[in-house]
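S.K.: Below you'll find the structure I mean.
The values are calculated or read from the model by the stated rules, or taken from the named source; none is laboratory data. Please read all numbers here as calculations on a predicted model, not as lab measurements. Using ideal geometry, Cβ is built from the backbone for each residue, glycine included, and neighbour counts are taken over all protein chains shown. The accessibility values were calculated without ligands, DNA or RNA, using every heavy atom of the protein model including side chains. Shrake-Rupley method; radii C 1.70, N 1.55, O 1.52, S 1.80 Å.
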Amino acid sequence: VVSTQSTESSGINAEYGVFGTLRQVEEAVWRLSNLMPADSVCHDLISWTPEVALSGDLKPVDLLENTVCIGRVTHVTSPECVWVQICRSVTGTDYLAQLATLTDNITDTLGRKIYDMRKSLLPVSEIKEGTSCAVLLESRGYRGTVICPGTPDNDVHQVRLVDFGTPHSFTELFRLDSYYLAMPALAVKCSLAHIAKVEGDPVWPESASKYLGDMLAECFVKVRVVEAGHIPKVELYTELGPNNKNSKYVNRELVYDAYATWID
């Protein structure tokens, strides 16, 4: 909504409703402002309020047992903590295309000229572990979840980008409009099925994580869900696996190269 108010001499007040995409709204408001009489004052009351707004937390894509989808590994802590970005669902939904549009819109929301960013900053009192937020990283807007809030002595917040699984540090967090909760978080924390640490190793070696990261860098994988749950157990196949002879069965490759042992 744009509210205009003229001087006392004319006494004319008006309000206009502007609807459309973020870029269309910005352009329309700019045109309206330029059409106002020279003695008028334009009050920007714009707010992005979609007709259907969803509320709640950023839930990840639901991986069902014995299903196969397309994804890519975006962050690895260990073979038991592999963040997989789901790119195409079992039913064929192209999540990457949706993510590109969503990221553009969040970037527009936080960066356009008529938007007062101070109004959307999350106050420190509302920032807790698990808080959903929007963040700006290299001038692009992303969805995030707070994994470690800052303190009175340190205002740096640790946030995980929910569509990539990667952790980052931010000093400013923004409110995430409920509209942006409609699409599930694309990064799912998974555990590789059928493998365990080598006997005698108390923890997974860092070399195992590096091996996975190097093998799967910029590589799409087929994700077969062996066991659903809070942390799904999955099999990962490179190329066009699991039925393509040129694909690598990632779980077994870890065993072949002595980073893990095989279990049933």
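S.K.: Any idea which of (1) part of a loop (DSSP other than H, G, I, E, B); (2) at pLDDT 90 or above; (3) crowded, with 18+ Cβ neighbours inside 10 Å is the one Y237 doesn't satisfy?
M.R.: Of everything listed in (1) part of a loop (DSSP other than H, G, I, E, B); (2) at pLDDT 90 or above; (3) crowded, with 18+ Cβ neighbours inside 10 Å, Y237 misses just condition (1).
S.K.: On to the next question. Take the residues in the stretch 179-210 that are crowded, with 20+ Cβ neighbours inside 10 Å and outside any loop (DSSP other than H, G, I, E, B); name whichever of them is farthest from the chain's Cα centre (by Cα).
M.R.: Here the residue is I195.
S.K.: Looking only at the stretch 141-166, count how many residues are open to solvent by 30 Å² or more (accessible area, probe 1.4 Å) and over 11 Å from the mean Cα position of the chain (by Cα).
M.R.: The number of residues fulfilling the criteria is 10.
S.K.: Still on this model: Find all pairs meeting these conditions: Cβ atoms under 9 angstrom apart; at least six residues apart or on different chains; first residue within the stretch 118-141 and more than 12 Å from H157 (Cα to Cα); second residue aliphatic (A, V, I, L, M) and in a strand (DSSP E or B).
M.R.: Listed pairs, sorted by first residue: S120/A134; S132/V146; L137/L161; G141/A134; G141/V135.
S.K.: So is Y180 closer than 30 Å to N105 by Cα and either among the charged types (D, E, K, R) or in contact (Cβ under 8 Å) with a residue 60 or more places away in the chain (or both) or not? Working first, answer last.
M.R.: Details: closer than 30 Å to N105 by Cα: yes; either among the charged types (D, E, K, R) or in contact (Cβ under 8 Å) with a residue 60 or more places away in the chain (or both): yes.
It is true that Y180 is closer than 30 Å to N105 by Cα and either among the charged types (D, E, K, R) or in contact (Cβ under 8 Å) with a residue 60 or more places away in the chain (or both).
S.K.: Okay, next question. Taking the options E129, E138, E80, name whichever one is surrounded by fewer than 15 Cβ atoms within 10 Å (Cβ to Cβ) and under 30 Å from W204 (Cβ atoms).
M.R.: E129
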